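Engineer: Got a structure for you, questions after.
Derivation of every value follows stated rules applied to the coordinates shown; laboratory data play no part. Just so it is clear, the model here is predicted, and its values are computed rather than measured. Here the Cβ is made from the backbone with ideal geometry for all residues, glycine too, and neighbour counts use every protein chain on show.
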Amino acid sequence: RLPALQGSEAARALLRARLQLVTGRYDDAVTSAREAARDASLRDEAVMVEAEAHFARGRLDDVDRLLGALPATNDRASLFLGRSAERRGRTTDARAFYRRIIEGYNAERITSSDAAGLAYVGSAAYALGVVRDANTAFQESVAADPQRVETQLEWAQLFLDKYDAGHAEECVQDALRVNPEHPVAHTLYARIRLEQSYAFVEAARDLERALAVNPHLAMARITQAGLALYDLDVATTDRILTEVLTQDPTDLEALSVRAAARFLADDTAGFETAKREVLRRHATYSQLYTIIARYAEWEH
């Protein structure tokens, strides 16, 4: 049994774990988070960071084990439990976790001053398909704390998914004003540029900035793979996606882009195999077809 850390020492370990998480040093983040968890007052926060590091590596059993032991009122834990269930195609379980967050809002446990809680409500509502409520929750979160970068980025993703690149860009710009080097913000900016005008050069520069901070950020590497696929450089696409899937074999977006690459390479057997791999993990992952159609339309 390890001795408890002194408060300041544990706090430094937790801060170090958060930094390692953002910069893609996922295994180091796990180690630091476990150090911080030896302080009982920081345990839940440290467990959350460790679970997010595992999530980035596709270690979903570890995510479920760690977060399942946290209180049901830990809304961030419920959000990631929902996302973990979704990765496995367990949509009923995922919806139950998301509804737990919504119930906290309806019961007024999440108040108008709780920026983080409201953002989790927004993410949960969006995952449940209630887009208007999600948008309202993100608005309320920003009103409570305009400086919270994660809210802006989750909100930007909602807009981007709904083909509103203009509002997505506003959210990302607000995030970058607070944290000019945030890797997720730069990755989203790259995707916005592609959505707005296929600005490949500018998007590549955004991705370079993102990967300079976190060279293992899956969404940035997947976007890189997509840039290569727009140029029909299937070999580069395959190489990047192999690296991404080695890090996290559960990433449904990466698996879907791999299917699109097989389609554009006229590899019928490979395409069917890649498609089955996505649907084996998540039988109703309709984004698979959206992703394939995006690249097929460009090639056409």
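Engineer: In the chain, which longest range has no chymotrypsin sites (Phe, Trp or Tyr not before Pro) that are both DSSP loop (not H, G, I, E or B) and surrounded by at most 13 other Cβ atoms within 10 Å?
Structural biologist: Between the exposed loop sites, the longest stretch runs 1-162.
Engineer: Using each residue's phi in the range 27-43, evaluate 6.51 cos²θ - 1.76 cosθ + 1.60 at θ = phi - 60° and report the 3J(HN,Hα) Karplus result to the nearest Hz, with x for Gly and Pro.
Structural biologist: 5, 5, 4, 4, 4, 5, 5, 5, 5, 5, 5, 6, 8, 4, 6, 10, 4
Engineer: Right, something else. Taking 0.36 nm per residue of sequence separation and subtracting the Cα-Cα distance, how much length would be gained by fully extending the chain between LEU232 and GLU181, in nm to one decimal?
Structural biologist: Stretched out fully, the LEU232 to GLU181 stretch lengthens by 15.4 nm.
Engineer: Between the range 151-199 and the range 13-38, how many Å separate their Cα centres?
Structural biologist: Between the Cα centres of the range 151-199 and the range 13-38 lies a distance of 26 Å.
Engineer: How many nm is it between the label spots at ALA265 and GLN139, if each spot is 7 Å from the Cα in line with the beta carbon?
Structural biologist: Distance between the two pseudo-spin positions: 4.7 nm.
Engineer: Out of THR250, THR242, THR290, any idea which swings most in a Gaussian network model of the chain, alpha carbons joined below 10 Å?
Structural biologist: Of THR250, THR242, THR290, the most mobile in the Gaussian network model is THR290.
Engineer: Let me ask another. If I model a spin label at THR31 and ASP161 as a point 7 Å from the Cα along the Cα→Cβ vector, what separation in nanometres do I get?
Structural biologist: According to this spin-label approximation, the distance is 3.5 nm.
Engineer: Based on the alpha-carbon gyration tensor of the range 103-186 and its eigenvalue square roots a ≥ b ≥ c, which shape applies: rounded if a/c is under 1.5, prolate if not and a/b is larger than b/c, or oblate?
Structural biologist: oblate
Engineer: For the chain, with the dipole built from +1 on Lys and Arg beta-carbon atoms and -1 on Asp and Glu ones, taken about the Cα centre, which of LEU245, THR92, TYR189 lies farthest toward the positive end?
Structural biologist: With unit charges placed on the Cβ atoms, the residue in question is THR92.
Engineer: Can you tell me which of HIS182, HIS167, HIS216 moves the most in a GNM of the chain? Springs connect C-alpha atoms under 10 Å apart.
Structural biologist: HIS167
Engineer: What do you get for the angle between helix 75-87 and the principal long axis of the chain? Use alpha-carbon atoms, 0 to 90 degrees, nearest ten.
Structural biologist: So the inclination is approximately 30 degrees.
Engineer: Something else: Determine the sum of side-chain charges near ARG109: Lys and Arg each +1, Asp and Glu each -1, restricted to other residues whose C-beta is under 11 angstrom from that of ARG109.
Structural biologist: -3
Engineer: Another question about this same structure. Between beta-carbons, use under 14 Å as the cut-off and find the net charge around THR23, counting Lys and Arg +1, Asp and Glu -1.
Structural biologist: Net local charge, THR23 excluded: 0.
Engineer: Taking the Cα centre of the range 135-239 as origin and charging only Cβ (+1 Lys, Arg; -1 Asp, Glu), how large is the dipole, in debye to the nearest 20?
Structural biologist: 220
Engineer: What FRET efficiency do you get for LEU279 and ARG132 if R0 is 25 Å and r is their Cβ-Cβ distance, rounded to the nearest 0.05?
Structural biologist: Calculated transfer efficiency: 0.25.
Engineer: To the nearest 20 Debye, how big is the dipole of the chain about its Cα centre, given +1 on the beta carbon of each Lys and Arg and -1 on that of each Asp and Glu?
Structural biologist: With only Lys, Arg, Asp and Glu charged at Cβ, the dipole is about 760 debye.
Engineer: Something else: Using a Förster distance of 22 angstrom, determine the FRET efficiency expected from the C-beta separation of TYR289 and VAL201, and round it to 0.05.
Structural biologist: That pair, TYR289 with VAL201, gives E of 0.15.
Engineer: Helix 7-22 against the longest principal axis of the chain: what's the angle in degrees, Cα atoms only, rounded to the nearest 10?
Structural biologist: That helix lies at roughly 10 degrees to the long axis.
Engineer: Let me ask something else about it. What does the helix-only formula give at 222 nm for the chain: each DSSP H stretch with n ≥ 4 adding -39500 (n - 2.57), the total divided by the residues, and the result rounded to the nearest 500 deg cm²/dmol?
Structural biologist: Rounded to the nearest 500, the figure is -24500 deg cm²/dmol.
Engineer: Right, next: Assuming a ≥ b ≥ c are the square roots of the Cα gyration tensor eigenvalues, decide whether the range 167-221 counts as rounded (a/c under 1.5), prolate (otherwise, with a/b larger than b/c) or oblate.
Structural biologist: Oblate.
Engineer: Which shape class, rounded, prolate or oblate, goes with the range 193-287 when its Cα gyration tensor gives a ≥ b ≥ c as root eigenvalues, a/c under 1.5 marks rounded, and past that a/b bigger than b/c marks prolate?
Structural biologist: prolate
Engineer: Given (i) 119; (ii) 130; (iii) 147, which label gives volume of the Cα convex hull per residue in Å³ as computed from the coordinates?
Structural biologist: Computing volume of the Cα convex hull per residue in Å³ and matching it to (i) 119; (ii) 130; (iii) 147 gives (ii).
Engineer: How far, in degrees from 0 to 90, does helix 234-247 lean away from the longest principal axis of the Cα atoms of the chain, to the nearest 10?
Structural biologist: 20
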